[in-house]
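A short write-up of the structure that comes next.
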Amino acid sequence: MPRLLFFALLLTACVSVPVTSTPVLPPPNVTVVHPSQTPIVTPSPAPSPTATALPHLMYPYTIAGLRERTHAGGIITLETRLGLNDAFSTYLISYLSDGLRITGILNLPNGEGPFPVIVMNHGYYPRSDYSSGDGSQRAAEYLAARGYLTLSSDYRTWGGSDFGVSFFHTGLVTDVLNLMDSLASLPQADTNRIGMWGHSMGGGITTKILTLSTSVRAAVLYAPNSADDADLIARWGYGCIGDISTGELLETCNSADVIPASLPDEVIAAYVESAQSPERMREIAPYYHLDSVTVPVQIHIGSADGDYIGSTPPEWSYKLHQGLLAAGKGSELFIYEGQRHSFSGDAWFLFMDRAVVFFDTHLK
């Protein structure tokens, strides 16, 4: 098949699959959902399935494949001090991940330390609109003022980071894991006390990391992406194949993944085949591997979230909460009446105060 025709067919295939399930609504006027109040959602995930015959080219991007990777810790370089106040200093940082230079933000409390660490994972932004710290810096400063060293990776292709391929968000997951494995280069960081905070896409990245073997001791998910990658593909399509800037203008594919058209045809074909296969998704999506989570999780979602295409339907959080409880894991779910994808007013401070108490309990 001619190469141009091949890519035309692939792009045509990127049309999102409509979500057919009926949205599950929370009980009325509920702020905190306890297990007995949890909305009925999709069936609980089964234990991690036995490995199937995945196309070998995509195996490294499955949960099993990610567990086999090693991350050689490197050096976190403080590039520029961006700010200083009575409680902490803010720096632009860089570090290496898969040979790529990745940028990010460090908020360092004043004093000798070592300080407990919170890794902050930001949500999706069009790359042309994104600056280091977007989507996480407000919360990071709130935590830094309370004695936490916070680190935010821009991820590959965002901010000042190098370009890098990413299938099913795994490139972004790898960038965060390499950041964590480089923490030992910061004498002020207590590597025995690490928490993780993630918003939207960053919440999905956090959930995937929790199914791997990591040093995270507690995680806060704020309006997170679904832990089932099939839900993401149904809402946004799979990754845009080709130029990133063009993909970000489309509504038929998910430009969070980075799939350059210059990749070998067989690699792109393996990616597309996996994205369309329910069996393959069970190997890739963390939802089917929640039995491997070993840390307490706190989830925060607005009841009015999901009202535009770039937001996250509340039922994704209900589904994850229910799945964690069914797997015997510690999960707390808070619902904020009338709040959308990014909380405003008193709701944001209530959310962050709950997160601080949660991290204090498990890290201090």
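Couple of notes before you dig in:
- Any hit, the stretch 94-101, residues being surrounded by 20 or more Cβ atoms within 10 Å (Cβ to Cβ), assigned to a loop (DSSP other than H, G, I, E, B), in contact with a Ser or Thr (Cβ under 9 Å, 6 or more places away or on another chain) and hydroxyl-bearing (S, T, Y): no
- Entirely in the stretch 127-214, the helices (runs of 4 or more DSSP H) that have 1 or more residues that are of a type in the set (S, T, Y) and more than 23 Å from A256 (Cα to Cα): 137-144
- Restricting G171, G160, G133 to residues that are surrounded by fewer than 20 Cβ atoms within 10 Å (Cβ to Cβ), at pLDDT 95 or above and closer than 29 Å to L250 by Cα narrows the list to G160.
- All of (1) in a loop (DSSP other than H, G, I, E, B); (2) surrounded by fewer than 24 Cβ atoms within 10 Å (Cβ to Cβ); (3) of a type in the set (S, T, N, Q) hold for N225 with one exception: (2).
- Scanning the stretch 82-120 for residues that are closer than 28 Å to G247 by Cβ, touching a Leu at 6+ places or on another chain (Cβ under 8 Å) and of a type in the set (S, T, N, Q) yields S97, T103.
- Scanning the stretch 341-353 for residues that are part of a loop (DSSP other than H, G, I, E, B) and either among the polar types (S, T, N, Q) or buried (at least 17 other Cβ atoms within 10 Å of the Cβ) (or both) yields H341, S342, F343, S344.
For (1) closer than 24 Å to Y142 by Cα; (2) buried (at least 21 other Cβ atoms within 10 Å of the Cβ); (3) of a type in the set (G, A, S), each residue gets a yes or a no:
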{"position": "P278", "(1), (2), (3)": "no, no, no"}
{"position": "V293", "(1), (2), (3)": "no, yes, no"}
{"position": "I299", "(1), (2), (3)": "yes, yes, no"}
{"position": "I309", "(1), (2), (3)": "no, no, no"}
{"position": "E315", "(1), (2), (3)": "no, yes, no"}
{"position": "A355", "(1), (2), (3)": "yes, yes, yes"}
{"position": "F358", "(1), (2), (3)": "yes, no, no"}
{"position": "T361", "(1), (2), (3)": "yes, no, no"}
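Residue by residue, here is whether (1) at pLDDT 95 or above; (2) of a type in the set (G, A, S); (3) closer than 21 Å to L324 by Cα holds:
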position: S16; (1), (2), (3): no, yes, no
position: V19; (1), (2), (3): no, no, no
position: P23; (1), (2), (3): no, no, yes
position: P39; (1), (2), (3): no, no, yes
position: G65; (1), (2), (3): yes, yes, no
position: T77; (1), (2), (3): yes, no, no
position: L82; (1), (2), (3): yes, no, no
position: G104; (1), (2), (3): yes, yes, no
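- Count of residues meeting criterion [in a helix (DSSP H, G or I) and within 18 Å of S303 (Cβ to Cβ)] in the stretch 326-340: 0
- Pairs, first among the small types (G, A, S) in the stretch 117-146, second modelled with pLDDT of 95 or more and assigned to a helix (DSSP H, G or I), C-beta under 6 Å, six or more apart: G123/M201; G123/G202
- Checked against the criteria, V295 counts as touching a helix residue (DSSP H, G or I) at 6+ places or on another chain (Cβ under 9 Å) and either in contact (Cβ under 8 Å) with a residue 60 or more places away in the chain or farther than 28 Å from R156 by Cβ (or both).
The values are calculated or read from the model by the stated rules, or taken from the named source; none is laboratory data. Given the structure is predicted, the values throughout are model-derived calculations rather than measurements. In this analysis, Cβ positions are derived from the backbone assuming ideal geometry, glycine residues included, and neighbour counts consider all displayed protein chains.
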